[in-house]
Each structure stands twice: as structure tokens, then as C-alpha cells.
Amino acid sequence: MLIAPEALIADLVTAEDAHDAVAACLAAQARGAAENFPVIRQALGEGRQYGFKSGIDRAAGQMGVKAGGYFPGNAARGMINHQFSVFLFDPDSGRPLAMVGGNLLTALRTAAAAAISIDRLARPDARVLGIVGAGHQAGFHLRAAARLRPWERVIGWNLHPEMLPRLAAIAADLGLPFQAVDLPQMIESEAIITITSSPAASLMAAHVRPGTHLACMGTDTKGKQEVEPALVARSRLFTDEVAQSVSIGEAQHAVAAGLVRSQDITPLGAVLAGQAPGRQSDQEITLYDGTGVALQDLAVAAIAVARARALGLGLTVEV
Ligand code: NAD
């Protein structure tokens with residue numbers, strides 16, 4: 001069994017790797033070659049969440065689980081709030097193959113999924129990118145979205161405005177003008193990424209113009225919410241995994257209110273595989289409910305393991 005600790009990951013997996021791996025996973029799901037198993041997620045109190053996401057990609061020969069969660073007290077202790085480890089197993093024998101640090105991998109795969117949704121579903125002429133959120137994930141999302149589309153400017157809102165300068169610095173690094181705005185000004189955006197840990201909607205229907213694409217990435221647990229249900233209901237909906245979208249994703253609230261049904265939500269993989277249409281008009285709002293799936297975690301972890309083995313990095317132990 002190979003142990004690839006967190007400190008090694010940045011040298012093993014790039015954002016481009018994550019993009020390709022996530023796109024391949026979504027398509028494998030659409031072909032029926034891969035599946036995510038039901039998520040276990042427990043609230044520990046004080047905003048802490050602990051759980052497991054697992055799955056199998058038969059085509060890629062990957063099986064495993066990502067364990068960990070969200071611990072909002074970490075930032076004050078100099079750690080990031082997410083703490084994850086990915087465990088890979090041999091799908092034939094069940095033997096453990098690897099334990100891989102999952103923090104950077106989570107940020108890379110989540111940002112890649114948001115960016116792929118923007119690339120496939122935003123209008124071709126979208127030039128203004130909005131970001132709601134300015135925590136650890138937000139910068140990765142900005143970088144991933146900037147890699148795929150020619151933005152002219154970026155606007156950002158965060159409940160805690162003191163966090164926005166960090167996002168502004170990343171925009172500057174990318175050569176993009178950045179402006180901190182109030183939520184109503186989000187209406188200037190043609191694509192909006194939401195990536196907060198909010199328990200209540202911030203982005204309202206009145207903040208979004210027709211034709212916008214929304215990549216809603218923050219809601220990955222029961223009880224979180226970033227977007228007004230009426231806006232979800234007004235949008236053409238896409239997701240990484242329908243079962244997660246209606247139970248732990250952004251759509252959970254619109255579903256509970258009877259505004260949306262699971263059959264209204266299209267897997268993004270079906271669009272990538274050419275099985276379903278994406279955006280159907282310049283005026284419709286498209287919304288990608290990115291709930292975060294195990295298959296993407298396994299795919300990026302498998303890249304880390306293959307590179308570590310090739311480079312002789314990590315620690316090999318007999319189990
Ligand atoms: P973080 O703790 O670094 O940042 C939290 C962000 O949420 C900050 O912008 C903060 O200002 C904002 N926020 C906190 N409380 C809020 C409130 N009440 N209302 C509005 N905004 C609020 O977290 P992060 O690592 O950037 O992750 C952000 C969110 O994304 C978390 O909810 C996390 O669980 C989720 N996430 C989802 C996936 C996925 O696959 N979908 C993957 C990773 C993280």
C-alpha cells in the first residue's frame with residue numbers, strides 16, 4: 001500500500017490533470033461504467049461535518065472512499081477547514097492500495113467540475129464572472145474558470161468582505177480586473193460561482209440576469225443553501241449526481257418545496273457524452289448543482305498514486 005501524504009500532492013497532480021479526470025468521470029457515469037454510492041455525512045455540532053463518499057469506476061479499475069469533513073474552527077488554528085483522506089482499494093480483491101492526502105485534491109476536482117460546467121453551459125459570449133464566496137475553495141475556482149474562458153472582469157461578494165482581497169490578488173495574478181460588489185450587482189455577471197458554507201440563500205432570483213450560468217458548489221450537505229429556491233426552480237438544472245443533488249445539493253430546498261423533481265435534473269456527464277442537450281437558449285438560466293462525488297476524488301487520487309509510484313515518492317507499507 002502506498003501512502004502519498006498531503007505535502008506531496010502539489011508535485012503530483014495539476015489543475016489540468018483534475019480537469020481531464022473529472023470530465024472522464026462524468027462521462028463514465030453517463031455510460032453506466034461508474035457509480036457513486038450513498039453518502040454518509042454526520043453533523044458533529046458547531047458547524048463540523050464528518051463523513052464518507054465512496055464509489056467504483058469499473059472501467060478505470062478504481063474503488064475507494066474519501067473520508068473526512070469540514071471543521072470551521074481550523075482556520076483559526078492555521079489549518080484549512082476541510083480535512084480529507086482518500087483510500088483506494090483493488091476492486092477485484094478489496095485489498096487496500098493507497099492512502100492519499102485529499103485536501104488539495106478536493107479543491108482541484110471541485111474547481112475543475114465548476115469550470116467544466118461553465119465551459120459547457122455558459123453562453124459563448126460570457127465575459128463577466130461573478131464569485132459568491134472568498135474562502136479556501138474560491139481561489140481554485142477562479143483559477144480553473146479563468147483557464148477555460150476569456151473573462152474580461154471578475155466581480156465578487158462575500159459575507160465576510162475582509163476575505164475578498166485574497167480573491168482580488170488571485171484575479172490580479174491572472175491579469176483580470178476585480179471588483180468587490182454588493183449582491184444586487186451580481187446581475188452584471190454572465191456566469192456565477194457560489195462557493196460558501198452558508199446555511200441560507202444569499203443569491204436571489206433578482207440578482208441574476210437571464211442567460212446566466214450558475215455553478216453552485218458550496219452546498220454539499222443537508223441544511224446548507226446558497227441560492228433562492230425560486231431561482232433554482234427557474235433554471236435548467238444540471239448536476240454531477242442526481243441522487244446527491246436532491247438530497248444534499250443545492251436542489252434539496254427546491255425539491256422539499258415541491259418546485260423541482262429529480263427528473264428535472266440532467267447529469268452533466270450526459271451532456272459531455274452527447275446524450276442530453278446542454279443550454280437550449282441564450283435567455284435561459286442554467287444551474288450546475290456541484291455536490292462533489294467520490295468518483296472524482298478517486299480519479300484524482302489515482303493520478304497522484306501513479307505519479308508517486310513512477311517517481312519513487314511516498315511511503316510503501318505491507319498490509
Ligand atoms: P472556507 O471555510 O474556507 O470558506 C467559507 C466561505 O463561506 C467563506 O467565503 C465565508 O465567508 C462564507 N460563509 C461562511 N458563513 C457564511 C454564511 N452564513 N453566509 C454566507 N457565506 C458564509 O470553506 P471552503 O473550503 O472555501 O468551502 C466552501 C464551501 O464549499 C463549504 O460549504 C464546503 O463544504 C463546500 N465544498 C463543496 C465541495 C463540493 O464538491 N461541492 C467541495 C469542497 C468544498
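The values are calculated or read from the model by the stated rules, or taken from the named source; none is laboratory data. The structure displayed is predicted, hence computed values, not measured ones. Heads up, the Cβs are rebuilt from the backbone with ideal geometry, glycines too, and the neighbour counts pull from every protein chain shown. What goes into the accessible areas is simple: the full protein's heavy atoms, side chains included, and nothing from ligands, DNA or RNA. Shrake-Rupley method; radii C 1.70, N 1.55, O 1.52, S 1.80 Å.
Here are the numbers for the structure shown:
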{"item": "Over region 75-141, relative contact order from alpha-carbon pairs under 8 Å, at least 6 apart, %", "result": "26 percent"}
{"item": "G130 long-range amide H proximity, modeled H, under 5 Å", "result": "I155, E190, A191, I192, I193"}
{"item": "Rounded, prolate or oblate (a/c below 1.5 giving rounded, otherwise prolate when a/b exceeds b/c) for the chain by Cα gyration tensor", "result": "prolate"}
{"item": "Rounded to 5, the percent of DSSP beta bridges in the chain classed as antiparallel", "result": "50 percent"}
{"item": "Folded to 0 to 90 degrees: helix 294-311 orientation relative to the chain principal axis, Cα", "result": "50 degrees"}
{"item": "Estimated FRET transfer efficiency when R0 is 25 angstrom, pair K222-A75 (beta carbons, to 0.05)", "result": "0.65"}
{"item": "Tilt relative to the chain, helix 103-121 - C-alpha long axis, 0 to 90 degrees, to 10", "result": "40 degrees"}
{"item": "Rounded if a/c under 1.5, otherwise prolate or oblate - region 156-275, Cα gyration tensor axes", "result": "prolate"}
{"item": "0 to 90° range, to nearest 10: angle between helix 164-173 axis and the chain longest Cα axis", "result": "80 degrees"}
{"item": "The chain: calculated mean residue ellipticity at 222 nm from DSSP helix runs of at least 4, using -39500 (n - 2.57)", "result": "-9500 deg cm²/dmol"}
{"item": "Net +/- balance of residues flanking D17 in space, Cβ distance below 13 Å, scoring K and R +1, D and E -1", "result": "0"}
{"item": "For region 113-292, share of DSSP beta bridges that run antiparallel, in % to the nearest 5", "result": "0 percent"}
{"item": "Average Cα contact separation per residue, region 113-292, under 8 Å, 6 or more apart, as relative contact order %", "result": "23 percent"}
{"item": "Share of carbon and sulfur in the accessible heavy-atom surface of region 266-309 [1.4 Å probe, %]", "result": "50 percent"}
{"item": "Hz values of 3J(HN,Hα) by residue in region 64-77 - Karplus curve (6.51, -1.76, 1.60), Gly and Pro given as x", "result": "x, 9, 9, 10, x, x, 10, 10, x, x, 5, 3, 5, 9"}
{"item": "Paramagnetic reach from A273 in region 284-311 [backbone N under 20 Å; point 7 Å along Cα→Cβ]", "result": "288-300"}
{"item": "Vicinal HN-Hα couplings computed from phi for region 248-256 (Karplus, 6.51 cos²θ - 1.76 cosθ + 1.60; Hz; Gly/Pro x)", "result": "10, x, 4, 6, 3, 6, 5, 5, 4"}
{"item": "Residues of region 113-292: accessible area per residue with a 1.4 Å probe, Å²", "result": "37 Å²"}
{"item": "Segment Y50-M204, extension gain: residue separation times 0.36 nm, minus the distance between their alpha carbons", "result": "52.5 nm"}
{"item": "Lys, Arg +1 and Asp, Glu -1 on Cβ, resulting dipole of region 113-292 about Cα centre, debye, nearest 20", "result": "160 debye"}
{"item": "Extension reserve of the D20-I40 stretch, reckoned as 0.36 nm per residue once the Cα distance is removed", "result": "4.5 nm"}
{"item": "Total formal charge among the other residues, if their Cβ is under 11 angstrom from that of S54, Lys/Arg +1 and Asp/Glu -1", "result": "0"}
{"item": "List E162, E35, E16, E250, ordered by accessible area with a 1.4 Å probe, largest first", "result": "E162, E16, E35, E250"}
{"item": "Karplus (6.51, -1.76, 1.60) ³J(HN,Hα), θ = phi - 60°, over region 139-144, in Hz, Gly and Pro reported as x", "result": "x, 4, 5, 4, 4, 5"}
{"item": "Shape category assigned to region 3-89 from the gyration tensor of Cα positions, a/c cut at 1.5", "result": "oblate"}
{"item": "Contour excess over end-to-end distance, with Cα ends at A256 and R95 and 0.36 nm allotted per residue", "result": "53.9 nm"}
{"item": "A169-D11 FRET efficiency (beta carbon distance; Förster radius 30 Å; 0.05 resolution)", "result": "0.80"}
{"item": "Relative contact order, percent, the chain [alpha-carbon distance under 8 Å, six or more residues apart]", "result": "22 percent"}
